[in-house]
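One structure is given here, and the rest of the page talks about it.
No lab work stands behind these numbers, since they all come straight from the coordinates. This is a predicted model, so every value here is computed, not measured. Heads up, the Cβs are rebuilt from the backbone with ideal geometry, glycines too, and the neighbour counts pull from every protein chain shown.
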Amino acid sequence: MNGKIKKNIITIIGIPVGIAGGFLYWKFVGCASGTCPITSNWFTMLPYGALMGGLLGNMVQGLFAKKEQAEKS
């Protein structure tokens, strides 16, 4: 279990960062009229931000893994 957490730490860190980013986007940019399906409510924006943060963290983690693998070769 500890190995999986250590292996995916960047993705795990990306999720709360994405949640914070989603909240800040809703708070400062958002949708004032309420017609935007994702950005009009904070409770729909937070999971979307978590998803984006996790995906971005996973991409960065993949880049680091490729770099480490290239250095070993």
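Observations
- When the Cα positions of ILE5, TYR25, ILE38 are compared along the charge dipole of the chain, ILE5 comes out farthest toward the positive end, with charges on each C-beta of Lys, Arg, Asp and Glu.
- Two-site label geometry, VAL60 and LYS27: point separation in nm, points 7 Å out along Cα→Cβ: 2.0
- Pairs of lysine residues in the chain that meet both criteria, 8 or more places apart or on different chains and Cα atoms under 27 Å apart, total 9.
- If you run the Gaussian network model on the chain, springs between alpha carbon atoms under 10 Å, then out of THR35, THR44, THR11 the most flexible one is THR35.
- Calculated [θ] (222 nm, deg cm²/dmol) that DSSP helices of n ≥ 4 give over the chain, each run adding -39,500 (n - 2.57): -26500 deg cm²/dmol
- Over the range 11-57, Cα pairs under 8 Å with separation of 6+ residues give a relative contact order of 59 percent.
- Residue among GLY14, GLY54, GLY62 with the largest mean-square fluctuation in a Gaussian network model of the chain, springs linking Cα atoms under 10 Å: GLY62
- Estimated D of the chain in µm² per second, where Rh is the Kirkwood radius over Cα pairs and Stokes-Einstein applies at 37 °C, 0.692 mPa s: 244
- Modelled spin labels at ILE9 and TRP42, positioned 7 Å past Cα toward Cβ, are 3.1 nm from each other.
- Cα long-axis angle, helix 42-72 against the chain (0 to 90 degrees, to the nearest 10): 20
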